[in-house]
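Visitor: Handing you this structure, nothing more for now.
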Amino acid sequence: MDLESFHRRSIDDPEQFWGEQAALIDWHAPHRKVLDCSKPPFTRWFVGGQTNLCHNAVDRHLATLAESAALHFVSTETGEQRSLSFAELHREVVRMAAIMRSQGVGRGDRVLVYMPMIPEAVFAMLACARLGAIHSVVFGGFASRSLASRIDDARPRLIVSADAGSRVGKLIAYKPLLDEAIRIASHAPEKVLMVDRGLAPIERVQGRDLDYAELREQHLDTDVPVTWLESNEVSYTLYTSGTTGTPKGVQRDVGGYAVALAASMKYIFCGNPGEAYFSSSDIGWVVGHSYIVYGPLIAGMATVLYEGTPLRPDAGILWELVERFKVTVMFSAPTAIRVLKKQDPAYLTRHDTSSLRALFLAGEPLDEPTAKWISEGLGRPVIDNYWQTETGWPILTVAHGVEKTPTRFGSPGKPMYGYDVRLLHEETGEEVGPNEKGVVAIVPPLPPGCMQTIWGDDERFVETYFTSVPGKMVYSTFDWGIRDNDGYYFILGRTDDVINVAGHRLGTREIEESISSHPAVAECAVVGVADQLKGQVAMAFAVLKDPAAAVPTEQARLALEGEIMRTVDRQLGAVARPSRVHFVTLLPKTRSGKVVRRAIQALCERRDAGDLTTLEDPSALEQVRKAVGA
Ligand code: AMP
């Protein structure tokens, strides 16, 4: 079937279409109704059906793939390597579930996972799924303040963590960051389960902190059956940045997510049982949830869990892993490829990558030179795919499992089955024509796998995503897009103040709040500025409470800039650190007091700042211009 008819069918008759896809996973009890969208924009999929993500990712394969590889863990940071078959993965997940259950964790309880890329993190996620507990994985690169706000929102009963992670040879001790986060959070978890890798000392809090190895010994043979869940129960929450300082807990279901992932593995990624899948993302991001943990395992594939960077021990490491595990499907981000592009191209051919069928790239725009370089170097299709934490799986791409649609440089592709994608005029809400810029929107019902709501805040879910296009209840992606005459979409950047650094989504508001917490700062503005390597970097402009006293000399200025960067490092993590902090005496604002971030951003990128007639004081923009040397 061609992609267009496949897509058409999914939109015209979603019940029939998704009813068929439901057969891709195991159900304990069948659904009564495929789709319930009686309370728009809320959507319930496979109503009444009972299933379990852990069963579908692990137990289901024991009959046919028990001895087949399920997880290959490699750390080029510590030199560890470990492979587990589905039978071994099953045993470890059951043990982890037994430990959690012994601490009172059950259906509906939240478990926060703050861990590096180690097998125990995957065990913890799957163990939660097994018990019907809701996991909330927080990216290990985030620091205390980011972690504390997520603890307060998720209110976990248990936190699972480890002594340390490592990045580019630098040890990051997690326990002190976690202890500090728990100290500043208002919610206190009952227990903290610590995995000790022997990398950093763990200071135990008596009565609260538990040792994983010790408890694992006690539960070597404890059986924990799968808890069957109604399809619309909550599987996990994953926090993502928006335009306010408070992160949003993207909430996902069980059955819809499992079906969506199984379908994407079949139609988009084309992975087969017994093969290996390698995604170089992190479990703290949505790609890690969908395409390190659940997607590949549901498809019966071995997943490669990699703690390390693309350049260590050398720029051939990603391809070496492809060779070592005979990876057939690989997923990475454009930034990683741009990093490799600066190295000797011989690294690309030093290893046997002939097992690879395709390389998928996502998370940020894929520029044409990078796409060309890697597809020519590998001699394999390079497939861009566009989606968001909110959707859980690709919105725009090509689906070679349906039809071998050619890809087009600069475009992630066409709408995927299930997504009724429209490009709408920002002010009128009307559909724009080919080659006209509009907001990328999705007409509900959102397909299976997409977010159900914002954790604990249905109103914010509706307000945030479904009210921004005038006169229409449609889901806004907050991305600009354009469609060519052949139906290929191109993504042109965000419509809001969210920025994207090396594929990591960050809210400028969160960074501004962190900078403003520095005692010398009165107010500040953060914008995303185009960067050749990382796509974007954060650039900050701060007004000091007492400019003359704080930065009397160049040396003092540099010292304060460094101090502010360290404040952000400490509170949010190094990913959020601005590349520069410029000091100005005034922020450019409209007469109504709104900081004109787009004009600041334009100047930073040496573009025209646009209409300045609404500015309160044009000299503020002059200061920005001078600061960045525009
Ligand atoms: P996240 O939720 O962190 O995955 O970030 C999602 C955002 O990243 C999207 O709204 C886009 O702005 C951007 N993005 C993701 N994938 C792509 C892509 N393939 N091309 C362009 N932008 C992308």
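Visitor: State which residue is farthest from the ligand (Cβ to nearest atom) when the search covers only the stretch 458-470 and only residues that are touching a Gly at 6+ places or on another chain (Cβ under 9 Å) and free of Cβ contacts under 8 Å to residues at least 60 places away in the same chain.
Guide: Pro470
Visitor: List every residue pair whose Cβ atoms sit under 7 Å apart, with the two residues 6 or more apart in sequence or on different chains, where the first one lies in the stretch 147-158 and is small (Gly, Ala, Ser) and the second, anywhere, is crowded, with 24+ Cβ neighbours inside 10 Å and assigned to a helix (DSSP H, G or I).
Guide: Between residues of the stretch 147-158 that are small (Gly, Ala, Ser) and residues that are crowded, with 24+ Cβ neighbours inside 10 Å and assigned to a helix (DSSP H, G or I), the close pairs are Ala148/Ala181.
Visitor: If you don't mind, there's one more thing I want to ask. Within the stretch 437-455, track down each residue that is of a type outside the set (Val, Ile, Thr) and either outside any loop (DSSP other than H, G, I, E, B) or out of contact with any strand residue (DSSP E or B) (no Cβ under 7 Å at 6 or more places or on another chain) (or both).
Guide: Scanning the stretch 437-455 gives Gly438, Ala441, Pro447, Gly449, Cys450.
Visitor: Condition check: at pLDDT below 95, within 16 Å of the ligand (Cβ to nearest atom) and part of a loop (DSSP other than H, G, I, E, B). Does Gly284 satisfy that?
Guide: no
Visitor: For residues in the stretch 35-48 being surrounded by fewer than 24 Cβ atoms within 10 Å (Cβ to Cβ) and among the hydrophobic types (A, V, I, L, M, F, W, C), which is nearest to the chain's Cα centre (by Cα)?
Guide: Taking the candidates together, the pick is Phe42.
Visitor: Which of the residues spanning the stretch 415-434 are under 20 Å from Val398 (Cα atoms) and either in a helix (DSSP H, G or I) or more than 23 Å from the chain's Cα centre (by Cα) (or both)?
Guide: Selection gives Arg422, Leu423, Pro434.
Visitor: Further question on the same structure: In the set Gly207, Gly255, which member is in contact with a Phe, Trp or Tyr (Cβ under 7 Å, 6 or more places away or on another chain) and more than 30 Å from Glu510 (Cα to Cα)?
Guide: The conditions single out Gly255.
Visitor: Given (1) touching a helix residue (DSSP H, G or I) at 6+ places or on another chain (Cβ under 8 Å); (2) in contact (Cβ under 8 Å) with a residue 40 or more places away in the chain, where does Leu62 come up short, assuming only one miss?
Guide: It is condition (2) that Leu62 fails.
Visitor: Also, quick follow-up: State whether one or more residues within the stretch 376-394 are without any contact (Cβ under 8 Å) to a residue 40 or more places away in the chain, within 19 Å of Arg338 (Cβ to Cβ), more than 16 Å from the ligand (Cβ to nearest atom) and of a type in the set (D, E, K, R).
Guide: yes
Visitor: Kindly provide the set of residues from the stretch 267-289 that are under 16 Å from the mean Cα position of the chain (by Cα) and over 19 Å from Phe73 (Cβ atoms), ordered by number.
Guide: Val286
Visitor: Considering every residue within the stretch 245-265, establish whether at least one is in a loop (DSSP other than H, G, I, E, B), away from the ligand (no atom under 16 Å from the Cβ), on the phi > 0 side of the Ramachandran plot and touching a residue at least 24 places away in the same chain (Cβ under 8 Å).
Guide: no
Visitor: Further question on the same structure: Please work out which residue is farthest from the ligand (Cβ to nearest atom), limiting yourself to the stretch 423-456 and to residues that are free of Cβ contacts under 8 Å to residues at least 60 places away in the same chain and either within 28 Å of Tyr239 (Cβ to Cβ) or in contact with a Ser or Thr (Cβ under 9 Å, 6 or more places away or on another chain) (or both).
Guide: Only one residue fits best here, namely Val443.
Visitor: Tell me the helices (runs of 4 or more DSSP H) entirely within the stretch 49-131 that contain at least 1 residues that are modelled with pLDDT of 95 or more and crowded, with 22+ Cβ neighbours inside 10 Å.
Guide: 53-57, 86-102, 119-131
Visitor: Scan the stretch 497-518 for residues that are within 16 Å of Thr477 (Cα to Cα) and of a type in the set (Lys, Arg) and jot them down.
Guide: Hit for the stretch 497-518 is Arg505, nothing else.
Visitor: Does the stretch 441-477 hold any residues that are aliphatic (A, V, I, L, M) and over 22 Å from Thr246 (Cα atoms), and which are they?
Guide: Hits for the stretch 441-477 are Ala441, Ile442, Val443, Leu446, Val469, Met473, Val474.
Visitor: Let me ask something additional. I want to confirm something. Restricting to the stretch 395-415 and keeping residues that are more than 26 Å from Gln251 (Cβ to Cβ) and hydrophobic (A, V, I, L, M, F, W, C), which single residue is farthest from the ligand (Cβ to nearest atom)?
Guide: Val402
Visitor: Got a sec? Which of Val322, Val329, Val339, Val293 is at negative phi and in contact with a Leu (Cβ under 6 Å, 6 or more places away or on another chain)?
Guide: Testing whether each residue is at negative phi and in contact with a Leu (Cβ under 6 Å, 6 or more places away or on another chain) leaves just Val322.
Matching residues to (1) of a type in the set (A, V, I, L, M); (2) within 28 Å of Val596 (Cα to Cα):
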| position | (1), (2) |
| --- | --- |
| Cys450 | no, no |
| Asp458 | no, no |
| Phe461 | no, yes |
| Pro470 | no, yes |
| Phe478 | no, yes |
| Gly481 | no, yes |
| Tyr489 | no, no |
| Ile499 | yes, yes |
| Ala502 | yes, yes |
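Visitor: Related question: Consider Leu297 carefully, then state whether it is out of contact with any Gly (no Cβ under 8 Å at 6 or more places or on another chain) and either among the aromatic types (Phe, Trp, Tyr) or not in a loop (DSSP other than H, G, I, E, B) (or both).
Guide: Against the criterion (out of contact with any Gly (no Cβ under 8 Å at 6 or more places or on another chain) and either among the aromatic types (Phe, Trp, Tyr) or not in a loop (DSSP other than H, G, I, E, B) (or both)), Leu297 qualifies.
Visitor: For the stretch 161-231, which strands (runs of 3 or more DSSP E) that fit wholly inside it have 2 or more residues that are buried (at least 19 other Cβ atoms within 10 Å of the Cβ)?
Guide: 164-167, 191-195
Visitor: For the stretch 516-531, check the following and say yes or no: at least one residue is within 15 Å of the ligand (Cβ to nearest atom) and farther than 20 Å from Ala620 by Cα.
Guide: For the stretch 516-531, residues within 15 Å of the ligand (Cβ to nearest atom) and farther than 20 Å from Ala620 by Cα: present.
Visitor: Right, here's the next one. Regarding Met473, is this residue in a loop (DSSP other than H, G, I, E, B) and within 13 Å of the ligand (Cβ to nearest atom)?
Guide: For Met473, the condition - in a loop (DSSP other than H, G, I, E, B) and within 13 Å of the ligand (Cβ to nearest atom) - is not met.
Visitor: Still on this structure, I have one more. Please indicate, with yes or no, whether at least one residue in the stretch 107-118 is closer than 22 Å to Ala262 by Cβ and in contact (Cβ under 8 Å) with a residue 40 or more places away in the chain.
Guide: For the stretch 107-118, residues closer than 22 Å to Ala262 by Cβ and in contact (Cβ under 8 Å) with a residue 40 or more places away in the chain: absent.
Visitor: Name the helices (runs of 4 or more DSSP H) wholly inside the stretch 495-610 in which the number of residues that are modelled with pLDDT of 90 or more and of a type outside the set (Asp, Glu) is 3 or more.
Guide: Filter on the stretch 495-610 gives 508-516, 554-571, 597-604.
Visitor: Would you mention how many residues in the stretch 134-154 are assigned to a loop (DSSP other than H, G, I, E, B) and among the hydrophobic types (A, V, I, L, M, F, W, C)?
Guide: 4
Visitor: Any idea which of (1) within 16 Å of the ligand (Cβ to nearest atom); (2) touching a helix residue (DSSP H, G or I) at 6+ places or on another chain (Cβ under 8 Å); (3) basic (Lys, Arg); (4) at pLDDT 95 or above is the one Arg216 doesn't satisfy?
Guide: Checking Arg216 against (1) within 16 Å of the ligand (Cβ to nearest atom); (2) touching a helix residue (DSSP H, G or I) at 6+ places or on another chain (Cβ under 8 Å); (3) basic (Lys, Arg); (4) at pLDDT 95 or above, the one that fails is (1).
Visitor: Any idea which of Glu80, Glu20, Glu4 is of a type in the set (D, E, K, R) and more than 30 Å from Arg422 (Cα to Cα)?
Guide: Glu80
Visitor: What is the number of the single condition among (1) within 16 Å of the ligand (Cβ to nearest atom); (2) surrounded by 19 or more Cβ atoms within 10 Å (Cβ to Cβ) that Met539 does not meet?
Guide: Failing condition for Met539: (1).
The values are calculated or read from the model by the stated rules, or taken from the named source; none is laboratory data. This one's a predicted model, so the numbers in the text were calculated from it and none came from an experiment. Cβ: placed from backbone, ideal geometry, glycine included. Neighbour counts: every protein chain shown.
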